[in-house]
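Report on the following structure.
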Amino acid sequence: MPDQPTERETLNDRVVRAFVDTFARRDAELLGPYCTDDITFENYGEAPVHGRRALVDLWAGVFTAFAEVRFETLSQAVSGDLVIAEQVHGLALPGGALAPIKNMAVYEIRDGRIAAWRDYTNPNHARALLNAATSSTPQERN
């Protein structure tokens, strides 16, 4: 019989799922309340981002640059204050189709908020998907 999650694990699972769902609203300010003041965000291959304000500013730029941002969690596992999520980050540049970019995300939760967030995506594959989605014609995308 599988172990039942603790109350803390259930809450941590909900925090991350709600955080990921918030991306569909494309309002970076709504991401802030899910994060600690001293959050660290690391996107594989890029410099870490430190602090809630810096994270919100980064995502405000992403929401401006991309015509569509849609995150989907395929599976998620929680162990204490650690949440690991298999995700698809759907990103579309203006005039382009949605590029389904596979991602593994690791979240560390502290006092009900995300204190650390690490995204692991193959940046070359992500770039290739975005380029292909942008260079195809509307007929090719249908």
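The values are calculated or read from the model by the stated rules, or taken from the named source; none is laboratory data. Keep in mind it's a predicted model, so treat the numbers as computed, not measured. Cβ placement follows ideal geometry from the backbone for every residue including glycine, while neighbour counts extend to all protein chains displayed.
State all residues of region 38-93 that are modelled with pLDDT under 95, loosely packed, with under 13 Cβ neighbours inside 10 Å and of a type in the set (D, E, K, R); if no residue qualifies, say none. Residue satisfying the conditions is Glu46 alone.
Look through region 1-23, keep the residues that are within 12 Å of Thr73 (Cβ to Cβ) and touching a strand residue (DSSP E or B) at 6+ places or on another chain (Cβ under 6 Å), and return whichever of them is surrounded by the fewest Cβ atoms within 10 Å (Cβ to Cβ). Checking each candidate, the answer is Asp13. Within the set Leu129, Leu30, Leu91, the sole residue that is closer than 27 Å to Glu7 by Cβ and not aromatic (Phe, Trp, Tyr) turns out to be Leu30.
Taking region 37-50 as the range and being in contact with a Gly (Cβ under 9 Å, 6 or more places away or on another chain) and of a type in the set (Ser, Thr, Tyr) as the test, only Thr40 passes.
When you scan region 50-57, do you find a residue that is in contact (Cβ under 8 Å) with a residue 24 or more places away in the chain, of a type outside the set (Asp, Glu) and in a helix (DSSP H, G or I), even just one? It would help to see each step written out before you state the result.
Taking region 50-57 as the starting set, the residues that turn out to be in contact (Cβ under 8 Å) with a residue 24 or more places away in the chain are 55-57.
Cutting the leftovers down to of a type outside the set (Asp, Glu) gives us 55-56.
Within this subset, residues satisfying the condition of being in a helix (DSSP H, G or I) are 55-56.
Yes, some residue in region 50-57 is in contact (Cβ under 8 Å) with a residue 24 or more places away in the chain, of a type outside the set (Asp, Glu) and in a helix (DSSP H, G or I).
Of the strands (runs of 3 or more DSSP E) lying entirely inside region 60-142, those containing at least 2 residues that are more than 21 Å from Val49 (Cα to Cα) and out of contact with any Ser or Thr (no Cβ under 7 Å at 6 or more places or on another chain) are 68-79, 82-92, 99-110.
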